[in-house]
1. Could you list, bin by bin from short to long, the percent of Cα-Cα pairs of region 37-90 in 5 Å steps?
2. Can you give the Rg to Rh ratio for region 41-187, taking only C-alpha atoms and Rh from Kirkwood?
3. Report the full-extension gain for the segment Gln207 to Gln62: residue separation times 0.36 nm, less the Cα-Cα distance, to one decimal in nm.
4. Just to verify a number: FRET efficiency for Ser106 and Glu129, C-beta to C-beta distance, R0 = 41 Å, to 0.05?
5. For Ile113, enumerate residues with amide H under 5 Å from its amide H, sequence gap 5+ or separate chain, H modeled in the peptide plane.
6. Stretch Arg222-Ala161 to full length: gain in nm at 0.36 nm per residue minus the Cα-Cα span?
7. Count neighbours as other Cβ atoms within 10 Å of each site's Cβ, and list the chymotrypsin sites (Phe, Trp or Tyr not before Pro) in region 112-193 that are DSSP loop with at most 14 such neighbours.
8. Ratio of Rg to Rh for region 132-230, alpha carbon only, Kirkwood?
Amino acid sequence: MKSPLSYALAAALIQMLGACSTEPGAPAPAPTPSATAEAADQRLVLAFGDSLYAGYGVLPQQAFPYVLEQRLRGGGVSASVRNAGVSGDTTAAGLRRLAFTLDGLSRKPDLAIVGLGGNDMLRGIDPAETRANLDAICAELQRRGIPIVLTGMRAAPNLGADYVEAFEGIYPDLAAKYDAPLDPFFLDGVVTQSALMLPDRIHPNPQGIERIVDRVTPLIVRALSPSRSS
């Protein structure tokens, strides 16, 4: 018997393709600057993902990267979190814009948070292709000496057990390969709570984003610690 979470994922995530899609070949925007200028001693964090990072349906100051930045600063971590989320991005689209995004930053990031793959799943793209693209993204970040945090996605159960197993195995495998801290499911504890979701039941509302940041912030703090970076 499928769990309520599985049914919620099937009902909510399968709609995301239409809500998050962008025109094929549309140029990716440059990362959104932080509201405050970067100081020389600030840690630079790149949030590289899709609509869940971009802040679909919420104000820029309510999006995941901005809220994470404020939470880090409130906890004593001087950080600038750059929003490089693009709604509708697949892993292939992310891979195509990665070098452009990195080269457009003022300097090499101290950390990259990577959250892609949900749109691949909703398009039924072969998980082997998704894995290869995410692997290439992580490899390029590693080549440039940029530490990684991965945020994962669950597969809609109506895609079948084989697909779910292949897709959901991508994130822990790559986290192990690249020694990257992993948040297994970005929407965990949020997607099943209507009070934490936008009316589309697909994207988190500001309260849901706050809940996600509550969970993810300790992972980011540890990834930015000097012992982790050394």
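Nothing in this text is a laboratory measurement; each read-out follows from the coordinates by a stated rule. None of these values were measured; they are calculated from a predicted model. Glycine also receives a Cβ, built like all others from the backbone with ideal geometry; neighbour counts cover every protein chain displayed.
1. 5, 22, 27, 23, 13, 7, 2
2. 0.96
3. Extra length from Gln207 to Gln62 when fully extended: 51.3 nm.
4. According to the calculation, E is roughly 0.80.
5. Counting only residues 5 or more places away or on other chains, the set is Leu46, Ala47, Phe48, Val149.
6. Result for the pair: 18.6 nm of gain on full extension.
7. Filter output for region 112-193: empty list.
8. Value, to two decimals: 1.02.
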